[in-house]
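Engineer: There's a structure below that I have some questions on.
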């Protein structure tokens, strides 16, 4: 049923529709769903919500960006309108606070439509239930352990127009890796940074295009079949190296293993510690030949574009007496990260033309979504009976 605003531009309290946000939802996604419930354009609803004696400033439009950012006065107006306490909104909507750097908390309510701060995905439809409506998927930021719904065994993808996800029954190692990822998040305070570093390490191996590699090729073939895309379009997706990334993350975050490397470096030298690290890493990812292969390659060949010895860089930092413990151990140096942009990864992994391959990947909804690239500050979401849905 369509709703109308009163003469002041505000929505009357008696007409309010309760459409609570889903945990970790984009603020822009929630406002779009609210507008749909009222039968109003999103911008009209936003102006009605923010109407006040002070001037209302809205930058951009819902057509130019997916995410909406609000200043303090606008956040309070949204909480008053929705009937949801502001602290609850802060927990549910990751970008709602603090105020975006381009906004100020002075001169009345302010809102701005900008690109999302991080990778987002469409929420799992069975998990979010009533929140779904035709043509308006629920868009969420993935949780700390990535975009997998264990209950429904799906890898969640990103499409602003329709729900998209990948069935993982044919890839049980990805589901198993996600369980290890969840355990890592519970055990390791800097788990997001550890995974980002591990992803960069595994990426440095991916770009070498191992001719004897079969695991990634098989996984790529399955992903291509499931999505209907080409293998060249599928090989750059985060899913392909996800199990190896989590295995390496679990290894490098193990304090006993770190101590063993430090002792080896002290007694036998850094190169011996590196060989030990590569041997253990190779076993953890099911490539027992990794240490010998990489050692031989360093001796006989030049490095290809995109190759970095990130594990050696990390080992030097780990064994340095001048490196303080904590977060700094997991900071990936500029130039060594796994490329976030899908097209950049394709250019490293294949000789095929990038543009048609990228278009193929885009058609299969493979180009967006979760990337192991550090944290998005989120608070724990409390259990509230009328808040349906869950984090993917």
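Each reported figure results from applying straightforward, stated rules to the coordinates on display, with no laboratory input. These numbers come from a predicted model, not from an experiment. Counting neighbours? That spans all protein chains shown, and the Cβs are built from the backbone with ideal geometry, glycine included.
Engineer: If you average the C-alpha positions of the stretch 55-75 and of the stretch 211-232 separately, how far apart do those two centres end up, in angstrom?
Structural biologist: Result: 41 Å between the Cα centres.
Engineer: Still on this model: Could you line up 216, 155 from fewest to most neighbouring Cβ atoms inside 10 Å?
Structural biologist: Working: 216 19, 155 27.
By the 10 Å Cβ count, ascending: 216, 155.
Engineer: How much length would be gained if the chain were fully extended between residue 351 and residue 215, taking 0.36 nm per residue of separation minus their Cα-Cα distance, in nm to one decimal? Don't skip to the end; give the middle numbers.
Structural biologist: Numbers: separation 136, 0.36 × 136 = 48.96 nm, distance 2.02 nm.
Fully extending the segment from residue 351 to residue 215 adds 46.9 nm.
Engineer: Hey, fewest Cβ within 10 Å first, where do 54, 161, 90 land in order? Walk me through the numbers on the way to the answer.
Structural biologist: On the way: 54 13, 161 10, 90 16.
The order, fewest Cβ neighbours first, is 161, 54, 90.
Engineer: Using only the Cα atoms of the chain, build the gyration tensor, take square roots of its eigenvalues as a ≥ b ≥ c, and label the shape rounded, prolate or oblate: rounded if a/c is under 1.5, else prolate if a/b is larger than b/c, else oblate.
Structural biologist: Values: a/c = 2.39, a/b = 1.88, b/c = 1.27.
Prolate shape, in that a/c is at least 1.5 and a/b is the bigger ratio.
Engineer: I've got another one for you. Based on the Cα gyration tensor of the stretch 33-107, what are the three equivalent ellipsoid semi-axes, each the root of five times an eigenvalue, rounded to whole Å and given largest first?
Structural biologist: Numbers: eigenvalues 59, 48, 38 Å².
Semi-axis lengths for the stretch 33-107 are 17, 16, 14 Å.
Engineer: Going by alpha carbons, how many degrees (0 to 90, nearest 10) lie between the helix axis of 255-268 and the longest principal axis of the chain?
Structural biologist: It is inclined by approximately 30 degrees.
Engineer: Follow-up question, since we're still on this one. P(r) for the stretch 171-363, please, calculated from all Cα pair distances in 10 Å bins and given in %.
Structural biologist: Going from the shortest bin to the longest, the percentages are 9, 34, 37, 16, 4, 0.
Engineer: Then there's this: Taking the alpha-carbon set of the stretch 161-274, what are its Rg and Dmax in Å?
Structural biologist: That works out to 16.7, 58 Å for Rg and Dmax.
Engineer: Can I ask one more? For the chain, give me the percentage of DSSP beta bridges that are antiparallel, rounded to the nearest 5 percent. Numbers along the way, then the final one.
Structural biologist: Numbers: 14 of 17 bridges.
Restricted to the chain, the bridges split so that about 80 percent are antiparallel.
Engineer: Once fully extended, how much extra length lies between residue 130 and residue 152, figured as 0.36 nm per residue of separation less the alpha-carbon to alpha-carbon distance?
Structural biologist: Details: separation 22, 0.36 × 22 = 7.92 nm, distance 1.68 nm.
Length gained between residue 130 and residue 152: 6.2 nm.
Engineer: A further question follows. Residue separation times 0.36 nm, minus the C-alpha to C-alpha distance between residue 289 and residue 161: what's the value? Please report the intermediate quantities before stating the final value.
Structural biologist: Details: separation 128, 0.36 × 128 = 46.08 nm, distance 4.44 nm.
Answer, rounded to one decimal: 41.6 nm.
Engineer: What nm distance separates the two modelled labels at residue 63 and residue 169, each placed 7 Å from Cα along Cα→Cβ?
Structural biologist: 4.3
Engineer: Please give, to one decimal in nm, the separation of the simple spin-label points placed at residue 86 and residue 104, each 7 Å out from Cα toward the Cβ.
Structural biologist: With each label point 7 Å from Cα toward Cβ, the separation is 1.9 nm.
Engineer: Of 320, 229, how do they rank once you tally other Cβ atoms within 10 Å and put the fewest first?
Structural biologist: Working: 320 11, 229 21.
Ordered by Cβ neighbours within 10 Å, fewest first: 320, 229.
Engineer: Then there's this: Whole angstrom only: what separates the Cα centroid of the stretch 339-353 from the Cα centroid of the stretch 180-197?
Structural biologist: For the stretch 339-353 versus the stretch 180-197, the Cα centre distance is 27 Å.
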